[in-house]
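The values are calculated or read from the model by the stated rules, or taken from the named source; none is laboratory data. Computed from a prediction, not measured in an experiment: that's the story for all the values here. For neighbour counting, all protein chains shown are included, and Cβ atoms are generated from backbone atoms with ideal geometry for every residue, glycine included. We work out accessible area using only protein heavy atoms, side chains counted, and drop any ligands, DNA or RNA first. Shrake-Rupley method; radii C 1.70, N 1.55, O 1.52, S 1.80 Å.
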Amino acid sequence: MAHETPPQWDRDMRRRLRQGEAAALGELYDRFAPLAYGTARRILDEDTGAAEVTGEVFGRLWSSPEEFDPEQGPLRTWIADEAHRLAVAVLRRAGGTGHDAALAAERARRVRAASTAARADYIVTSMPSPLRTALELTRAQRQNTAQVAARLGITEEEARRRLRLGLQLLSTAGGYAAPERP
């Protein structure tokens, strides 16, 4: 299968999630959100519920990574099973209280926030050093453009250009859309 993972990868992913590594959640979401969404979509036959179930699956994995046991099977299977189970539960409680929907929406929001943070971390670490350094001086050391330019031995115009490019790259972190209907 295209997204099959070796057992060691699954164990490493669980360890990373237990350590609270947001990048691990981002990786999982990128790889398996279409699987969770597609599974839920086939059961619920509607997009909004499928998106909520997808968020709930990854929310549970983020908040309780010990629920997945790599000795019981692959992570891919756990995600598909969890999406199926949650989608069936949504069908059963149709017309129930709004509390479940609010809880699912909150978990989905936390998953999106963690995923965005992971993408931002990845973007910052992979951007060219001159851009990263200018951003770090501005953000962490609270230096203005003139101070950044003086510290780096560049013109203020070059400092502004580096900051603008770095911020443009960072702005793409939150632009990742939910999976489209398969």
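For the stretch 51-81, give me the residue count where each residue is of a type in the set (Asp, Glu) and either within 18 Å of the chain's Cα centre (by Cα) or assigned to a loop (DSSP other than H, G, I, E, B) (or both).
Of the residues in that region, 4 qualify.
Of the residues making up the stretch 1-23, those that are at pLDDT below 90 and open to solvent by 30 Å² or more (accessible area, probe 1.4 Å) number 9.
The one condition from (1) at pLDDT 90 or above; (2) outside any loop (DSSP other than H, G, I, E, B) that GLY26 does not meet is (1). Would you confirm, using the coordinates I've provided, whether ARG41 is assigned by the TED database to the domain that holds ALA94 and at pLDDT 90 or above? No. Close Cβ contacts (under 7 Å, 6 or more residues apart or on different chains) running from residues in the stretch 34-59 that are buried (at least 24 other Cβ atoms within 10 Å of the Cβ) to residues that are in a helix (DSSP H, G or I) and polar (S, T, N, Q) comprise ALA36/THR54; ALA40/THR54.
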